[in-house]
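Working notes, beginning with the structure itself.
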Amino acid sequence: MTLGKCINVLAEQKKNSFVPFRDSKLTRILKESLGGNSKTVMIACVSSEKKFYEETLNTLKYSTIAKRIKNKGIKNNTKVISKE
């Protein structure tokens with residue numbers, strides 16, 4: 001549930017909106033992947049069987065919302081200083 005809330009807030013892309021990353025351990029771990037400086041891939045598992053229709057539909061809705069999240073990646077430049 002918390003992951004869904006975070007994805008919904010990030011997909012809206014409103015400035016100064018609060019993203020509840022601290023509400024669960026999973027969203028705390030995924031904070032940098034969802035709203036940080038990274039590229040993230042989401043894999044949605046769907047089925048063509050009739051008995052999985054509702055679950056497949058919900059998965060497609062969820063992934064469509066997640067697709068709207070846009071992160072702007074910034075190249076991290078680090079200098080390596082060797083002591084030779």
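In percent, what relative contact order does the chain have, based on Cα pairs under 8 Å that are 6 or more apart in sequence?
33
Rolling a 1.4 Å sphere over the protein heavy atoms, what is the accessible area per residue of the chain, to the nearest Å²?
On the way: 7850 Å² over 84 residues.
Accessible surface, normalised per residue, equals 93 Å².
What distance in nm separates the simple spin-label points at Lys61 and Ile29, each placed 7 Å from Cα in the Cβ direction?
About 2.7 nm separates the two model spin labels.
I'd like the accessible area for Val80, computed on protein heavy atoms only with a 1.4 Å probe and all protein chains in place. Round to 10 Å², please.
Accessible area of Val80: about 130 Å².
Could you run the Debye sum over the Cα atoms of segment 35-75, one equal point scatterer each and no solvent, and tell me log10 of I(q)/I(0) at q = 0.30 Å⁻¹, two decimals?
For segment 35-75, the Cα-only Debye profile gives -1.02.
Which value, in Å² rounded to 10, gives the accessible area of Ser47 with a 1.4 Å probe and all protein chains present?
The accessible area of Ser47 comes to roughly 40 Å².
Suppose R0 equals 22 Å. What FRET efficiency, 1/(1 + (r/R0)^6) with r the Cβ-Cβ distance, do Thr40 and Ile81 give to the nearest 0.05?
Working from the Cβ atoms, E equals 0.10.
Sort Arg68, Arg22 by heavy-atom solvent-accessible area, probe 1.4 angstrom, most to least.
Solvent-accessible surface, decreasing: Arg22, Arg68.
In deg cm²/dmol, rounded to 500, what helix-only [θ] at 222 nm does the chain give when every DSSP H run of at least 4 residues adds -39500 (n - 2.57) and the total is split over its residues? Walk me through the numbers before you get to the answer.
Values: 4 runs with 36 residues, N = 84.
About -12000 deg cm²/dmol.
Any idea what Rg and Dmax come out to for the chain if you just take the C-alpha atoms, in Å?
Here Rg and the maximum Cα pair distance are 17.1, 66 Å.
Can you pull the percent of the chain's accessible area that's carbon plus sulfur, 1.4 Å probe, other chains left in place?
Of all accessible area on the chain, carbon and sulfur atoms account for 55 percent.
The values are calculated or read from the model by the stated rules, or taken from the named source; none is laboratory data. Note that the coordinates shown come from a computational prediction; the quantities given were computed from them, not determined experimentally. With ideal geometry, Cβ positions are generated from the backbone for all residues, glycine too; neighbour counts draw on all protein chains shown. All accessible areas refer to the heavy atoms of the entire protein, side chains included, with ligands and DNA or RNA removed. Shrake-Rupley method; radii C 1.70, N 1.55, O 1.52, S 1.80 Å.
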